[in-house]
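Trainee: Below you'll find the structure I mean.
The values are calculated or read from the model by the stated rules, or taken from the named source; none is laboratory data. It should be emphasised that the depicted structure is a prediction, and the values quoted were computed from it without experimental measurement. Please note: Cβ atoms are built from the backbone with ideal geometry, for glycine as well, and neighbour counts cover all protein chains shown. Quick note on the areas: whole protein, heavy atoms, side chains included, nothing else; ligands and nucleic acids left out. Shrake-Rupley method; radii C 1.70, N 1.55, O 1.52, S 1.80 Å.
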Amino acid sequence: MRIRTEVLIDAPLDVVWRAFNDPAEITQWDASDDWRTTWASNDLRVGGLLRLRIEPRHGEAGFDFAATYTWVEPMRRIDWRMEDGRHVRVDFRE
């Protein structure tokens, strides 16, 4: 099954690229009111790892997220494979 989403961000491409890939920026993301990213590491190259620590804001246990990059085209495209075999592709456009 393939799922496709689009997001329009009113910012220059270089700002979006940095926010998406810089570990200090990644920890500022809030996927929901209930969860936050408390730690991030990003080796942005084919074969490199994206690692995140996701923690709940209240109670419950957190979890680690890891993915391996399979395609990196700076300022254009990033693909990764998650540990469970799912594949993600992100295209960046002006």
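Trainee: Quick check: residue separation of Ser41 and Glu6 times 0.36 nm, minus the Cα distance between them. What number comes out in nm?
Mentor: 10.1 nm
Trainee: Quick check: with the 1.4 Å probe, what order do Asp33, Asp10 take by accessible area, largest first?
Mentor: So the residues, ranked largest to smallest area, are Asp10, Asp33.
Trainee: Hey, another quick one. Can you give the relative contact order of the chain as a percent, counting alpha carbon pairs under 8 Å and 6+ residues apart?
Mentor: Rounded, it is 18 percent for the chain.
Trainee: Using a 1.4 angstrom probe, figure out how much accessible area the chain has per residue, in square angstrom, rounded to the nearest whole.
Mentor: 76
Trainee: Out of the total accessible area of the chain (probe 1.4 Å, heavy atoms of protein only), what percent is carbon and sulfur?
Mentor: Result for the chain: 50 percent of the exposed heavy-atom area is carbon or sulfur.
Trainee: Please work out which option in [x] 7.6; [y] 8.0; [z] 6.7 gives mean projected area of the Cα convex hull in nm² calculated from these coordinates, and answer with its label.
Mentor: Checked against the structure: label [z].
Trainee: Suppose every K and R has +1 on its Cβ and every D and E has -1 on its Cβ; what is the size of the dipole of the range 34-73 about the Cα centre, in Debye to the nearest 20?
Mentor: 80
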